[in-house]
Amino acid sequence: MRLKISLLKEPKHQELVSCVGWTTAEELYSCSDDHQIVKWNLLTSETSQIVKLPDDIYPIDLHWFPKSLGIKKQTQAESFVLTSSDGKFHLISKLGRVEKSVEAHCGAVLAGRWNYEGTALVTVGEDGQIKIWSKTGMLRSTLAQQGTPVYSVAWGPDSEKVLYTAGKQLIIKPLQPNAKILQWKAHDGIILKVDWNSVNDLILSAGEDCKYKVWDSYGRLLYSSQPHEHPITSVAWAPDGELFAVGSFHTLRLCDKTGWSYALEKPNTGSIFNIAWSIDGTQIAGACGNGHVVFAHVVEQRWEWKNFQITLTKRRAMQVRNVLNDAVDLLEFRDRVIKASLNYAHLVVSTSLQCYVFSTKNWNTPLIFDLKEGTVSLILQAERHFLLVDGGGIYVYSYEGRFISSPKFPGMRTDILNAQTVSLSNDTIAIKDKADEKIIFLFEASTGKPLGDGKLLSHKNEILEIALDQKGLTNDRKIAFIDKNRDLYITSVKRFGKEEQIIKLGTMVHTLAWCDTCNILCGLQDTRFTVWYYPNTVYVDRDILPKTLYERDASEFNKNPHIVSFVGNQVTIRRADGSLVHISISPYPAILHEYVSSSKWEDAVRLCRFVKEQTMWACLAAMAVANRDMTTAEIAYAAIGEIDKVQYINSIKDLPSKESKMAHILMFSGNIQEAEIILLQAGLIYQAIQININLYNWERALELAVKYKTHVDTVLAYRQKFLETFGKQETNKRYLQYGEGLQIDWEKIKAKIEMEITKERERSSSSLSSKNMGLKH
C-alpha cells in the first residue's frame, strides 16, 4: 500500500494553509492565512474562492457539521465551524455566509470539533479553557481550565468524553461532573495534535519531541515511533480506523492502526499543519505551510486468497494474478474503488455507486448492482452470501446480487462497526452492541429477524471481539468471543427457552479466527499459538479438551501480533512490524471433521490409526460422543488411555432401553438435567431417581420419589447406607420427616429394583417387536 501524491505547480493560497475539510468524497474546502476560503473540486480539477474573510480573522481550525444527524440524512455537509486567532469561532454555511460569530476565548481559538451526533461543539484556546457549546453556538459549560494553551481536542466515540492536550500531558475528561479524569504524560515535548477514532477506540498523539504515538482509551501505550527530523504537526485517523496519516515538515506518512508504516512520501509542502481524510477513506488532503494543498490517494492495497493475489493499481483498476500459472487479469471500474474483500472464491468490490461481485472462476463477467448509499465501510463474506455496512444500515446479499435481508436493532450505529464487532456465517449474523458492550445481537441471515426467541446473548464483562464458526448445521452454530479480561469463551447461538452455557476456552487470548473449511479455531494466547481442533469438546467431555489442542511457541511473532486469515490449514499472522508470517497446521483434523460430518466413522478410525496422534484420537472421541456413536467413542477413548470412560461406555451398551442409553450418554457429557427429563418423559421414574442417587444428588432424588409416590424407601435406604459409610448422623429435615418410624428392608428394596429393570427390558423388547411387525406388514 502506498500514497499517490498530487500537488499543483503553483499554490492557490498566498500564505500558509492552516486547515482543510471535505464536504463530499470529491469536494474540499481549505482556509489560509491569506483570509481566503477556497473550494476544490477533484472531479473537474477546478478551484474557486468561496469567501474572503475580514483581514483580522486568521483561520486556525475547520470542522464540517456531521452528515448524518438522527433520522434526517443529508447527502453532504451544509455548514462548518471555523476557529480563528481573534478568540472567536464562526459558523459558516457552505456558500461562505458567516451565520454567526461567537466570542469564545481570550487569545486564539486553537481547535473546534463537533461531536458525532452534531449536538455539541467543543472549543479549546490559548487561554487553557475547554468549552462546550450547543449546535447554535450557545455556551453550555466550561469543561476545564488550565494554565497552558490547549493545542488540540477530540471527542470520545460515544460523545461522552473529551480528550485534550496539556503541555506534555494528555487528559480524558468525561462530560458528567465528578466523573474520574484520566491523565498521563504522553510525550517529552509539547503535544501538538490528537485524534480519537470511533471505530477502534484508539488515540493518536503527535508532539514536538518528533514522535507520534498510538494509545488505547485507558492511556496504555500501544506504539511509539522513532524520532523524526522535525516535530510532527498533524495526525488523523481514516474513518474506518484501519489506517492513519502523519504529517511533518516535507513529510507525509501512511501507517497501519498498530503503528507500523506502509508508505513514506516527501512532498515539497513545508510543514503539513492539518490532515483530513475523505469520507470514503480513499484519499487524504493536507494543509501545507507553503500555501499548497497536498492530495494523496491510497493505492496498491493487496488482497490474497489461496492462489490469487489482487492489487489496486489505480483508483479505478485492479490487477488479478493467479500465482499457479502466472495468468494476469485487469479489472476496470466506472467509479473509484472504496472497499474490497476476497474470500470463498469471490471478490466483492464496492465503488462509490455500485457493487461488483466477481467469481474466481470467471473474471470477465462480474455481477453489478447499484448501492443505496455510496460509502461502504465494511464487507464481510461467508460461503453463501456477503454483508455490506454503510452509513444507512447493514445489508446481506447473495453472490448472485440478490438482496437477502437487512438486520436492525435499537440504537444501531453503523459508522462504528468493524470486522471485530460484526461476524457473518451461512445462517447467522452476530453484532456486538456499542451502547452495552456486554451484549451480542444475533440475527437470522435469511430474514434479518432476531434469532430463536429473540433473546440477546449477554456476558458478565465487556466483549472485545466476536467470531461465528462457518461450517456445520444451523442448530450447532457456535460463537467465540474475547472479553476485556482477554478470556476466550464459546457458546451456542441457538437461543430457545433455556439459557445456553457460556464456557471458557482459554485465557490471555489476543486474537482469534475460525477456519473457513471446518470448525477449527485458532488464537494467540499470551506466548503461545493455540489451535482448538474441536472446540465443541467443552460441551461433550471437558476433561479431554487439553488433549484436543495444538500449541506452539509464539515468541517469533513479537508483541501484539494479529491473525489475518485462516484458510484451509494455513494461518496468516501479521506481526507488530507489519510483516506477514504463514503457519501451516496439520491437515488431518480437517479431514477428520469431513469424515464425521458425513458419518464415515470407519474411515475416521482408519485415519486416526494411520496418523497415530493423541490429538486426533481425543477429537474423534469427543466427536463420536457428540454424535451418539458409542462404538467409535469406545475405540477412541481406549486409544488415549481413558479406561474409566471405556468401562462406562460398555455399561451404557448393556442398558435395556433406548431412553436409558440416551440418558446415560447425556450424563456422560454432563447434561444431567436433560438426562433426567428424557427418563421422566419415558416413564422410567426409578431410573431418574437412581441417577440422582448415583450422583449423591439427595435432595432431587427424594423430591422425585415423593412427587411420583414411588421408591421413597429406596432413596431413604441408600441415604442411610451413605451416612453409615462416613459415620454421620442424618441432619436433613426432609429425610428425618420421611424416615420417621420406617424400617429398611434391603431384600424388599432389591426385589423392587429387579422388578423395575425387568419391566424396562420387557418394554423395550415389546417396542422392538411391534416395530418389526410394522416392518413386515
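Residues that are in contact with a helix residue (DSSP H, G or I) (Cβ under 8 Å, 6 or more places away or on another chain), open to solvent by 60 Å² or more (accessible area, probe 1.4 Å) and of a type in the set (Asp, Glu) are absent from the range 627-648. State whether one or more residues within the range 328-344 are over 21 Å from residue 238 (Cβ atoms), within 29 Å of the chain's Cα centre (by Cα) and not basic (Lys, Arg). Yes, there is a match, as at least one residue in the range 328-344 is over 21 Å from residue 238 (Cβ atoms), within 29 Å of the chain's Cα centre (by Cα) and not basic (Lys, Arg). Could you check how many residues of the range 561-608 are open to solvent by less than 20 Å² (accessible area, probe 1.4 Å) and under 22 Å from the mean Cα position of the chain (by Cα)? Qualifying residue count, the range 561-608: 6. Within the range 7-46, the residues that satisfy the criterion of being closer than 18 Å to residue 283 by Cα, in contact with a Leu (Cβ under 9 Å, 6 or more places away or on another chain) and part of a strand (DSSP E or B) are 19, 20, 21, 22, 27, 28, 29, 30, 39, 40, 41. When 365, 414 are checked against the criterion of being within 15 Å of the chain's Cα centre (by Cα) and either open to solvent by 10 Å² or more (accessible area, probe 1.4 Å) or touching a residue at least 24 places away in the same chain (Cβ under 8 Å) (or both), a single residue qualifies: 414. Pairing each residue of the range 747-761 that is among the β-branched types (Val, Ile, Thr) with any residue that is open to solvent by less than 100 Å² (accessible area, probe 1.4 Å) and in a helix (DSSP H, G or I), provided the two are 6+ apart or on different chains, yields C-beta distances under 6 Å for 749/714; 749/717.
Return the only residue of 421, 447 being closer than 28 Å to residue 157 by Cβ, of a type in the set (Val, Ile, Thr) and open to solvent by 10 Å² or more (accessible area, probe 1.4 Å). Outline the logic, then answer.
On the way: 447 fails: closer than 28 Å to residue 157 by Cβ.
It is 421.
Could you please find all residues in the range 348-372 being part of a strand (DSSP E or B) and farther than 18 Å from residue 402 by Cβ? Passing the criteria: 351, 362, 363, 364.
Scanning the range 395-407 turns up no residue that is at pLDDT 90 or above, touching a helix residue (DSSP H, G or I) at 6+ places or on another chain (Cβ under 9 Å) and open to solvent by less than 40 Å² (accessible area, probe 1.4 Å).
Among the residues of the range 483-504, the one identified as surrounded by fewer than 23 Cβ atoms within 10 Å (Cβ to Cβ), farther than 17 Å from residue 442 by Cβ and of a type in the set (A, V, I, L, M) is 503. Strands (runs of 3 or more DSSP E) fully within the range 130-180 that include at least 3 residues being over 19 Å from residue 193 (Cα atoms) and modelled with pLDDT under 95: 139-145. For the range 81-103, the count of residues that are under 24 Å from residue 284 (Cβ atoms), open to solvent by 50 Å² or more (accessible area, probe 1.4 Å) and part of a strand (DSSP E or B) is zero. How many residues does the range 104-116 contain that are in contact with a Gly (Cβ under 7 Å, 6 or more places away or on another chain) and buried (at least 18 other Cβ atoms within 10 Å of the Cβ)? Of the residues in that region, 5 qualify.
Contact map, the range 85-111: first residue under 14 Å from residue 56 (Cβ atoms), second residue open to solvent by less than 20 Å² (accessible area, probe 1.4 Å) and modelled with pLDDT under 90, Cβ cut-off under 7 Å, separation 6 or more or different chains; pairs are 86/57. Just one of (1) at positive phi; (2) touching a residue at least 40 places away in the same chain (Cβ under 8 Å) trips up residue 577, so point out which. Status for residue 577: all satisfied but (1).
When the range 214-227 is filtered for residues that are in a strand (DSSP E or B) and open to solvent by 20 Å² or more (accessible area, probe 1.4 Å), the ones remaining, listed by number, are 221, 222, 223, 224.
Looking only at the range 51-78, filter to residues that are modelled with pLDDT under 90 and assigned to a strand (DSSP E or B); which one of those is most open to solvent (accessible area, probe 1.4 Å)? Once the filter is applied, the top-ranked residue is 72. Note on the range 534-544: residues that are closer than 30 Å to residue 345 by Cα and open to solvent by 10 Å² or more (accessible area, probe 1.4 Å) total 2. Would it be correct to say that residue 691 is within 18 Å of residue 714 (Cβ to Cβ), under 44 Å from the mean Cα position of the chain (by Cα) and of a type in the set (Val, Ile, Thr)? Yes, satisfied.
Against the definition (in contact with a Lys or Arg (Cβ under 6 Å, 6 or more places away or on another chain) and assigned to a helix (DSSP H, G or I)), how does residue 652 come out, yes or no? Walk me through how you get there before you give the answer.
On the way: in contact with a Lys or Arg (Cβ under 6 Å, 6 or more places away or on another chain): yes; assigned to a helix (DSSP H, G or I): yes.
Criteria met by residue 652.
Based on what the data block shows, is residue 530 open to solvent by 30 Å² or more (accessible area, probe 1.4 Å) and among the hydroxyl-bearing types (Ser, Thr, Tyr)?
No.
Inside the range 161-204, residues that are hydroxyl-bearing (Ser, Thr, Tyr) and either free of Cβ contacts under 8 Å to residues at least 40 places away in the same chain or closer than 19 Å to residue 147 by Cα (or both) make up a count of 2.
For the range 657-772, the helices (runs of 4 or more DSSP H) that sit wholly inside it and include 2 or more residues that are out of contact with any His (no Cβ under 9 Å at 6 or more places or on another chain) and open to solvent by 70 Å² or more (accessible area, probe 1.4 Å) are 658-668, 672-681, 698-707, 712-726, 733-739. Only one of the numbered conditions (1) crowded, with 17+ Cβ neighbours inside 10 Å; (2) modelled with pLDDT of 90 or more is not met by residue 457, and that is (2).
Determine, yes or no, whether residue 189 is more than 21 Å from residue 417 (Cβ to Cβ), in a loop (DSSP other than H, G, I, E, B) and within 28 Å of the chain's Cα centre (by Cα). Taking the combined requirement at face value, the residue does not satisfy it.
Scanning the range 12-37 for residues that are of a type outside the set (Gly, Ala, Ser) and touching a Cys at 6+ places or on another chain (Cβ under 8 Å) yields 16, 17, 19, 20, 31, 37.
The values are calculated or read from the model by the stated rules, or taken from the named source; none is laboratory data. Because the structure is predicted, anything quoted here is derived from the model rather than measured. Quick reminder, even Gly has a Cβ in these numbers, built from the backbone with ideal geometry, and neighbours come from all protein chains shown. Ligands, DNA and RNA are excluded from the accessible area calculation, which covers all protein heavy atoms including side chains. Shrake-Rupley method; radii C 1.70, N 1.55, O 1.52, S 1.80 Å.
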